[in-house]
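S.K.: Dropping the structure in here first, questions after.
Readers should treat all values here as calculations from the given coordinates under stated rules, not as data from a laboratory. Just so it is clear, the model here is predicted, and its values are computed rather than measured. A quick note on method: Cβ atoms are made from the backbone with ideal geometry, for glycine too, and the neighbour counts reach across all protein chains shown.
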């Protein structure tokens, strides 16, 4: 006997196509369109190349470091680094292309899981038709398409959030989703995808407990399952790197409060795309989904999770001052907020707002851009935020800059350094003086050392035993612990120039060094006194001393104090310890 489901009031049920086929098209269509559009915007950021330098070191057996002999965690996303390493063993595949393709697969896979989850949430009954809604907004936004590749962890974030959402929806609808502890394990991975995603993990973990509550004993078991991998890695991080956080958190001072820059970053993302329009339409669609239907507590719980997490994520990004890459840090927050309305049921009430949303998406995809995207140097007027993909397209002269060799500046610098390496018998400290000439000093570290502002592309082109340092501290432990300069660009507001590396690693008297380039005797002396301060010397030992069991333990127990260590960026002040 076949049961015929009654039509709901206001439901639109076009009989000319089966609902199952229509809904598959509504899910797969946006994913395919997004994949094609993102592939057409494929590229690689210098920050993505920074990740690949660590992957190269791992594949070469040198450990998860950026430079041999310095245990610095230069990558924010632990899982992205090791995911690339896992596939990096494929012979004949360039790591740059691997990062681009894997990022795109993660992004499209995350959208597929999330859309399917939302379809199951809003239309569990057979015969119900759905339309993509929030998914159209995401597809239309250039930053969402741009960072689907780029070599950064954004695609992995999309996949992880989409997978967690899919599992939570299945549990809310009482569909097969495996044991609860496996869902807890996935939820717990958030801090390894990116540390600030602990906010989403917290909300999702509470949602899982509410949906599956069976008493305190199972709850403690799920908590232990969620925490096992993050806690194990945290112990490794503290013992191996000597810090509580990735080194990037020190560089960007992730605990600081900069509301003015944060709200400017929000406006930079919101205003060019008139984002208030799709958000109002999505809010209206969410209300229409609930109209005339009984409120199911489980459905409310699963919808509240991404909304609260998205708001918390946006709050955190604004609080710390945003980022220098247009839109990038707010994409996870927007992704979370739109999850419950990625797709909506087709009813007479939802057809019009869904059609308006489609019109918005068409206009946004074709014409809405930042007012600086097409400038010769795509950076906003204050040089605080850049359209990162357009900037690298401009710098490389290629519509799809992916390989490190695609950037003439990187190859020129790397070729010059390689020529110096071939001409000199021993390790040197290299830098470019203010006059643009190259200078080299004998190195005391046993390594060739050079300082460059963009370390991703250059790091990919130089040998792995060459220490590639940067003045802002991403791979430079000395710069990372300096105090930031006020008013500088977010993520670039620390600066410990080459003179710090010369004072740290160059052989010779300060008088000899001061006569060979733009180096002041007083500055060299002050830096050397600064690095001789007990806490500063211990910090350098934590990353440079051989990793014995004793060193691991010392790193572990003193990680908190070392993470808070700062000395003034002015060595004349810092020298007083």
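S.K.: In whole Å and largest first, what semi-axes does the C-alpha gyration tensor of the range 35-157 yield when each eigenvalue is scaled by 5 and square-rooted?
M.R.: Numbers: eigenvalues 232, 42, 29 Å².
They are 34, 15, 12 Å, listed largest first.
S.K.: What whole-number value in cubic angstrom gives the convex hull volume per residue for the C-alpha atoms of the range 267-337?
M.R.: Working: hull volume 5.4 nm³, N = 71.
Convex hull of Cα atoms, per residue: 76 Å³.
S.K.: In deg cm²/dmol, rounded to 500, what helix-only [θ] at 222 nm does the chain give when every DSSP H run of at least 4 residues adds -39500 (n - 2.57) and the total is split over its residues?
M.R.: Details: 28 runs with 328 residues, N = 577.
Here the helix-only value at 222 nm equals -17500 deg cm²/dmol.
S.K.: Could I ask something else about it? When the label point is put 7 Å from the Cα of residue 465 along its Cα-to-beta-carbon vector, which residues of the range 69-97 have a backbone N closer than 18 Å?
M.R.: Under cut-off, by backbone N: 69-71.
S.K.: How large is Rg/Rh for the range 407-574, to two decimals, with Cα atoms and a Kirkwood Rh?
M.R.: Values: Rg = 16.2 Å, Rh = 16.8 Å.
Ratio of gyration radius to Kirkwood radius: 0.96.
S.K.: Moving to a separate point now. Order by neighbour count: 87, 34, fewest other Cβ atoms within 10 Å first, most last. Could the numbers behind the result be given before it?
M.R.: Details: 87 14, 34 24.
The most exposed by this proxy come first: 87, 34.
S.K.: Continuing with the same structure: Across the chain, how large is the tail of the calculated P(r) beyond 48 Å, expressed as a percent of all Cα pairs? Show your work: numbers first, answer last.
M.R.: Numbers: 27847 of 166176 pairs.
Roughly 17 percent, rounded to a whole number.
S.K.: Please rank 577, 203, 533, fewest neighbouring Cβ atoms within 10 Å first, as an exposure proxy. Working shown, then result.
M.R.: Working: 577 11, 203 24, 533 16.
Least crowded to most crowded, the residues run 577, 533, 203.
S.K.: What shape does the range 113-249 take by its C-alpha gyration tensor, where a ≥ b ≥ c are the square roots of the eigenvalues and a/c under 1.5 counts as rounded, a/b above b/c as prolate, and the rest as oblate? Spell out each step's value before the answer.
M.R.: Values: a/c = 3.26, a/b = 1.20, b/c = 2.71.
Oblate, because a/c is 1.5 or more while a/b does not exceed b/c.
S.K.: Where does each of 329, 539, 258 land when they are ranked from fewest to most other beta-carbon atoms within 10 angstrom? Mind showing how you got there, number by number?
M.R.: Numbers: 329 27, 539 24, 258 17.
Fewest-to-most ranking of 329, 539, 258: 258, 539, 329.
S.K.: To continue, here is another question. Rounded, prolate or oblate: which fits the range 219-273 when a ≥ b ≥ c are the square roots of the eigenvalues of the alpha-carbon gyration tensor, with rounded for a/c under 1.5 and prolate only if a/b beats b/c? Display every interim value, and only then the final one.
M.R.: Details: a/c = 3.67, a/b = 1.77, b/c = 2.07.
Oblate, since a/c reaches 1.5 and b/c is not below a/b.
S.K.: Once both axes come from the Cα atoms, what is the angle between helix 408-423 and the longest principal axis of the chain, in degrees from 0 to 90, rounded to 10?
M.R.: Once rounded, the angle reads 30 degrees.
S.K.: May I ask for the percentage of alpha-carbon pairs in the range 383-452 that lie more than 15 Å from each other?
M.R.: Working: 1519 of 2415 pairs.
When all Cα pairs of the range 383-452 are counted, 63 percent exceed 15 Å.
S.K.: Continuing with the same structure: Take the alpha carbon gyration tensor of the range 193-312, find the square roots of its eigenvalues, order them as a ≥ b ≥ c, and report rounded if a/c is under 1.5; if not, report prolate when a/b exceeds b/c, else oblate.
M.R.: Working: a/c = 3.96, a/b = 1.14, b/c = 3.46.
It is oblate, given that a/c is not under 1.5 and a/b is not larger than b/c.
S.K.: Return the inverse of the average 1/r over all pairs of distinct C-alpha atoms in the range 341-498, which is the Kirkwood hydrodynamic radius, in Å to one decimal. Before the final figure, lay out the partial values.
M.R.: Numbers: mean 1/r = 0.0518 Å⁻¹.
Radius from the Kirkwood sum: 19.3 Å.
S.K.: Still on this model: The range 300-354: Rg/Rh from Cα coordinates, Kirkwood Rh? Don't jump to the answer; show the numbers that get you there.
M.R.: Numbers: Rg = 14.2 Å, Rh = 12.7 Å.
Value, to two decimals: 1.12.
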